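Presented below is the structure to which this report refers.
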Amino acid sequence: RLEWLEKQGLEIQIVASWLDIQGYTLTAEHAATWARLFNEHLTEVISNNPGKFRALATVPVQDGELAARELEFAVKELGMLGTMLATDPMDQDLAKESFEPLWAAAEALNVPVILHPPTHGFGANISPSYLAFSLGRTLDTTITSAKLILGGLFDRHPNLKMMLVHGGGYLPYQAARIDNGYLSGTGKPVELQRDKPSDYLPLLYYDNVGVSSAAVRMMHDIAGADHIMLGSDYVFSGTPRPVASNINEANLAADEVNLICCGNAHRLFLKE
């Protein structure tokens, strides 16, 4: 990791646990025990290289109250910067009311929640199987984030900071279709405070992993340069090209590039 950071010209990396080992098949109590063990161990591991790594918490998604408690412990006692959740955790639905304590805790702590698709989610089962990695996982992100918006999450928690990886999946590109469903009444589970679902897209944060420079421009037009961040998907889909290549090719202003690489992350995660 240290060698990779040097090659990329980066000073610090924010790390998180691999989603498939976050204990989704455990009971709530066992998942809470596992999350605490994982968070304490990860904190110890990154302490070997002070200033080079910071970490995101694992939380037991089986129980919203337990998840909220673990996030509070991880942030206040361990110095973690937020949490990363699977968009489709096994046998769970992030749009359920039982997750309210977790959203409230993240909002009160003023820490980000990152949504990342797991390898076992809905999108993993699409056919043909060779499209599961490239398209299936981004489908998980699209569906879950749309459900959260349509369920009124950001009306109830307007200061919640949520980040979608892989450029938000298909959400930015197909937001007008979601609007049409909402405005026609066929896709309107609750009455939103804003006029339409796409009005909530500028509240979200997006990374640049696996998207084109044209997609970076689209994210810029939707949410602004201050809501785009540099990601890597390290270690899974690493590329010999600089992780900022699609940002540098998006014809953005120099100050906007500086925000994405990496002023926004310093502000959102490190509070600098």
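The values are calculated or read from the model by the stated rules, or taken from the named source; none is laboratory data. Not measured: the values here are computed from a predicted model. When we count neighbours, we look across all protein chains shown, and the Cβ atoms used for this are built from the backbone with ideal geometry, even at glycine. Heavy atoms of the whole protein, side chains included, go into the accessibility calculation; ligands, DNA and RNA do not. Shrake-Rupley method; radii C 1.70, N 1.55, O 1.52, S 1.80 Å.
Debye-formula intensities of the range 179-233, expressed as log10 I(q)/I(0) at q = 0.13, 0.24 Å⁻¹, are -0.43, -0.87 (one equal scatterer per alpha-carbon, no solvent). Contact order, relative form, for the range 177-272: 25 percent (alpha carbon pairs under 8 Å, 6 or more residues apart, mean separation divided by residue count). Scattering from the range 31-168 was approximated by placing one identical point on each alpha carbon and applying the Debye formula without solvent; log10 I(q)/I(0) at 0.14 1/Å stands at -0.66. Spherically averaged projected area of the convex hull of Cα atoms, the chain: 14.1 nm².
Cα centroids of the range 15-73 and the range 92-120: 13 Å apart. Here the range 148-166 is scanned for amide nitrogen atoms under 13 Å from the site 7 Å beyond the Cα of Gln193 along Cα-to-Cβ, giving 152-160.
Measuring nothing but protein heavy atoms, the accessible surface of the range 198-272 at 1.4 Å probe radius is 54 percent carbon and sulfur.
Sparsely packed loop sites in the range 2-40 (the GluC sites (Glu not before Pro) outside DSSP H, G, I, E and B with at most 15 other Cβ atoms within 10 Å) comprise Glu11. Remark on the range 95-148: Rg and Dmax equal 13.7, 43 Å (Cα only). The residues of the chain expose on average 48 square angstrom of accessible surface per residue, using a 1.4 Å probe on protein heavy atoms.
Normalising the Debye intensity of the range 178-270 to I(0), with uniform scatterers on Cα atoms only, and taking log10 at q = 0.14, 0.22, 0.24 Å⁻¹ returns -0.60, -1.02, -1.13.
Solvent-accessible area assigned to carbon and sulfur over the range 76-179 amounts to 56 percent, based on a 1.4 Å probe.
When only Cα pairs below 8 angstrom with a gap of at least 6 residues are kept, the chain shows a relative contact order of 13 percent. Charged neighbours of Val257, selected by a Cβ distance under 14 Å, balance to -3 (K, R count +1; D, E count -1).
Taking Cβ atoms as reference points and 15 Å as the exclusive limit, the residues near Phe133 contribute a net charge of -3, counting Lys and Arg as +1 and Asp and Glu as -1. Taken about its Cα centre, the range 59-158 carries a charge dipole of roughly 300 debye when the Cβ of each Lys and Arg holds +1 and the Cβ of each Asp and Glu holds -1. A simple charge model with +1 on the Cβ of Lys and Arg, -1 on the Cβ of Asp and Glu and nothing else charged puts the dipole of the chain at about 360 debye relative to its Cα centre. Each label point was placed 7 Å from the Cα along the Cα-to-Cβ direction; for Glu44 and Leu135 their separation is 4.5 nm. Globularity index of the range 133-191 is 1.16 (Cα radius of gyration / 2.2 N^0.38 Å, N = number of residues).
Each semi-axis of the equivalent ellipsoid for the range 98-214 is √(5λ) with λ an eigenvalue of the Cα gyration tensor; in descending order they amount to 23, 18, 14 Å.
In a DSSP loop and with at most 16 other Cβ atoms within 10 Å, the chymotrypsin sites (Phe, Trp or Tyr not before Pro) in the range 1-43 are Trp18.
Check cross-link reach from Lys147 to the lysines: straight Cα distance under 27 Å, and skip same-chain residues fewer than eight apart. Straight-distance partners of Lys147: Lys96, Lys161, Lys188, Lys196. Eigenvalues of the alpha-carbon gyration tensor of the range 2-105, scaled by 5 and square-rooted, set the equivalent ellipsoid semi-axes at 26, 14, 12 angstrom, largest first. A DSSP coil position with no more than 16 other Cβ atoms inside 10 Å describes the following trypsin sites (Lys or Arg not before Pro) in the range 111-197: Arg194.
Our helix-only sum for the chain, with -39,500 (n - 2.57) per DSSP H run of n ≥ 4 divided by its residues, gives a mean residue ellipticity at 222 nm of -11500 deg cm²/dmol.
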